[in-house]
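Since the structure comes first, as structure tokens, the remarks are kept for the end.
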Amino acid sequence: MNHRDAEIENLAEKIALSARELSGQIDHDRRLPDELVASLNGAGLLRATMPREVDALELAPGVALRCAEAIARGDASAGWCVSIAITSALLVAYLPASSREEMFGGGPRNGHGVAAGVWARGARRAPLTAASWCPGAGRSAAGSATRT
């Protein structure tokens with residue numbers, strides 16, 4: 001591991017401490033607080049695997065996933081969001097250069113964002129009959145309760 005990788009992993013561990021402090025709010029609000037998103041963005045973790053040419057860190061997947069793991073030790077939801085962002089961002093390198101620059105160039109400080117999505121199999125809507133959490137239960141993009 002090189003010095004830069006060690007620095008970003010240490011930074012992820014520091015952000016994880018903030019995530020841990022905010023975990024109650026994250027669970028209550030069902031979203032990451034703006035200050036945590038700002039920390040993740042400022043550290044470059046949400047764009048960590050994008051190419052350097054779009055002002056990103058271009059971390060190797062293993063380093064980026066160790067950062068996501070560190071964040072998850074602070075708060076699982078925050079770690080999940082980071083892992084989705086970094087795995088989605090791997091595909092940015094495959095875009096045509098002009099598209100890559102238009103959508104992601106200049107980094108988040110210039111209003112260019114992150115790539116985040118999940119390529120999960122489709123869920124089907126079904127009534128939730130259990131009173132406790134069950135694997136596969138969650139919310140669809142539209143916010144309705146789902147179960148796979």
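Within segment 43-53, is there a residue that is of a type in the set (D, E, K, R) and modelled with pLDDT of 95 or more? Scanning segment 43-53 turns up no residue that is of a type in the set (D, E, K, R) and modelled with pLDDT of 95 or more. Selection of segment 1-37 for residues being in contact (Cβ under 8 Å) with a residue 60 or more places away in the chain and farther than 15 Å from GLY79 by Cα yields only MET1. Taken over segment 1-32, the criterion of being under 15 Å from the mean Cα position of the chain (by Cα) and over 20 Å from ILE86 (Cβ atoms) is satisfied by ARG30 alone.
Among the residues of segment 26-43, those identified as assigned to a helix (DSSP H, G or I) and surrounded by 15 or more Cβ atoms within 10 Å (Cβ to Cβ) are ILE26, LEU36, VAL37, SER39, LEU40, ASN41, ALA43.
Among the residues of segment 103-120, not a single one is closer than 24 Å to MET1 by Cβ, modelled with pLDDT of 65 or more, more than 14 Å from the chain's Cα centre (by Cα) and part of a helix (DSSP H, G or I). The set of residues in segment 59-102 being in a helix (DSSP H, G or I) and either in contact with a His (Cβ under 6 Å, 6 or more places away or on another chain) or charged (D, E, K, R) (or both) consists of ARG66, GLU69, ARG73, ARG100, GLU101, GLU102.
The values are calculated or read from the model by the stated rules, or taken from the named source; none is laboratory data. Keep in mind that what you see is a predicted model, and the values were worked out from it rather than measured. All Cβ positions, even for glycine, are placed from backbone atoms using ideal geometry, and neighbour counts span all protein chains on display.
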